[in-house]
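Trainee: Here it is, the structure in full.
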Amino acid sequence: MELAIDSFASTGKGVATILVDGFRRPVFVDGAIPGDICDVEFTKKHKKYAEASIVKLIKPSIHRREPSCSSFGTCGACDWLNVDYAFQIESKKQILSFLFSKLNLSPEINILACDQNTHYRDKVRIQFKDGFASFYERKSNNLVQPESCSIINDSFNDFFNKKTSFDDGEKTFIFDYETKKPLFDDASRAYYFYKDIKFEFGLKSFIQSNLKQNIKLIDLITSLVSEGSILELYCGMGNFTLPLANNSCDVLAVEGNPRAVDSLKNNLLINDISSVKPICMDVREFLKTQSTFFDFILLDPPRVGVDDIPSLEKLSLLTNNIVYIACDPNSLIKDLKTLLPLGFKLENVYLVDLFPQTHHFETVVVLSK
């Protein structure tokens, strides 16, 4: 069947529509780009939508470009390397606008694009087989061995396209901004910097993979949460905690991962910051007994979001101002369906592109009563 691709879905797939029993139904086409005209075959048919793959590209979109990696399409490391970057940003904005329309909202979306949109990943997991660096194939546990990768820190590419001494299995690499070298020893400690703050972390720490763009994200958060008492939930190792404390905020920082809290405490010591109270506790359990009112609550939950109605209802009793950082816009929209009827108003929306050449992005929203 010949289809014209109209838009991107939040999954990164192209979307076309077909007429079924008098209704327009979406077809999600793997690898398609808005503007493509392609012959497709259906891979799955559901009651309200269908899935398909491209058999032949009849007319390519003007937004297609030649990918800078010969393994693109087979390798699972990225999915939009064949889309020009300006259109990537436009498409992410359209995806977010569509999701907000489900709440009958059409907010202005402020864009923080990525200045360095290739070779930006400062943390990566690489699979080794017979000494050769590999990534997983798309939708498979099979391995593919690219000659190099367009999205990882270029220092990591030294391990590709040649036999190394690494044993078979997965290895995590991080870039140390103090020594300007890649590290891969589990005992290693790496560093990155925000203004005069020094962050220490290990291979098993959660950090933003794009540390250059992370600076823009911290700048944004510290401009939105600028003073007063702060309850920071899912604080991790202190990516936002320390800059907020440096801005004279008093921060109660809650995190359920003991290793992350240990890293937070260590980073507070390194930077001689005393205006933070770290608490190692599951966020949902913490909220059950909390009654203190805060000037701001900062939320940076995992991909599933807060995803708990009692916890979201409790937030509305603890503050009039919420700044929510979401790595999955669908989870954000789901949580907003609970928060907005509790009296919060959507004030500002920011799209922060931390993951160029992929369909992923971060969203920051500001809510107030």
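Here, each number is a calculation from the coordinates, and none is a lab measurement. If you're wondering where the values come from, they're calculated on a predicted model, not measured in any experiment. Cβ sites come from the backbone with ideal geometry, for glycine too, and all protein chains shown count toward neighbours.
Trainee: Per residue Cα convex hull volume for segment 2-64, in cubic angstrom?
Mentor: Considering the Cα atoms of segment 2-64, their hull volume per residue is 76 Å³.
Trainee: Using Cβ contacts closer than 10 Å as the measure, can you line up 294, 193 from fewest to most?
Mentor: Taking fewest neighbouring Cβ atoms as first place, the list is 193, 294.
Trainee: Check the straight Cα-Cα distances from residue 198 and name the lysines below 30 Å, setting aside those fewer than 8 residues away within the same chain.
Mentor: 123, 171, 180, 181, 212, 216, 265, 277
Trainee: First select every other residue whose beta carbon is under 12 angstrom from the beta carbon of residue 21; then total the charges, Lys and Arg +1, Asp and Glu -1.
Mentor: Net of charged neighbours comes to +4.
Trainee: While we're here: Say we join alpha carbon atoms closer than 10 Å with springs in a Gaussian network model of the chain; which of 236, 305, 76 then has the biggest fluctuation?
Mentor: Highest fluctuation of the listed residues: 76.
Trainee: Setting aside same-chain residues fewer than 8 positions from residue 47, which lysines have a Cα under 21 Å from its Cα?
Mentor: Reachable lysines: 13, 102.
Trainee: Can you give me the Cα centroid spacing of segment 83-97 and segment 157-188 in angstrom?
Mentor: 32
Trainee: Out of the trypsin sites (Lys or Arg not before Pro) in segment 273-315, which ones are loop residues according to DSSP with at most 14 other C-beta atoms within 10 Å?
Mentor: Here the sparse-neighbourhood loop sites are 303.
Trainee: In Å and on Cα atoms, what radius of gyration and Dmax does segment 91-193 show?
Mentor: 18.2, 56
Trainee: Also, quick follow-up: With a bin width of 10 angstrom, please list the P(r) values of segment 1-150 as percents of all Cα-Cα pairs, from the 0 bin to the one holding the largest distance.
Mentor: Going out from 0 Å in 10 Å bins, segment 1-150 shows 10, 33, 34, 19, 4, 0 percent.
Trainee: Does segment 289-328 come out rounded, prolate or oblate by the C-alpha gyration tensor, with a ≥ b ≥ c the root eigenvalues, rounded set by a/c under 1.5 and, if not, prolate when a/b is larger than b/c and oblate if not?
Mentor: It is oblate, given that a/c is not under 1.5 and a/b is not larger than b/c.
Trainee: Same structure, new question: Can you give me the Kirkwood hydrodynamic radius for segment 233-288, using every pair of distinct Cα atoms, in Å to one decimal?
Mentor: The Cα-based Kirkwood calculation yields 11.0 Å.
Trainee: Quick one: P(r) of segment 213-369 from all Cα-Cα pairs, 10 Å bins, percents rounded to integers, in order of increasing distance.
Mentor: For segment 213-369, the pair-distance distribution reads 11, 43, 38, 8, 0.
Trainee: Quick one: what does P(r) look like for segment 59-123 with 5 Å bins over all Cα pairs, in whole %?
Mentor: Pairs per bin, as whole percents: 3, 14, 19, 20, 18, 13, 9, 3, 0.
Trainee: If you take the C-alpha gyration tensor of the chain, multiply each eigenvalue by 5 and take the square root, what semi-axes do you get, largest first, in whole Å?
Mentor: 36, 29, 17
Trainee: Taking K and R as +1 and D and E as -1, what net charge do the other residues with C-beta under 11 Å from the C-beta of residue 45 add up to?
Mentor: Values: positive: 25, 44, 47, 48; negative: 51.
Cβ neighbours under 11 Å give a net charge of +3.
Trainee: Please give the net charge around residue 350, taking every other residue with its beta carbon less than 13 angstrom from that of residue 350, where Lys and Arg add +1 and Asp and Glu add -1.
Mentor: Here the count lands on -2.
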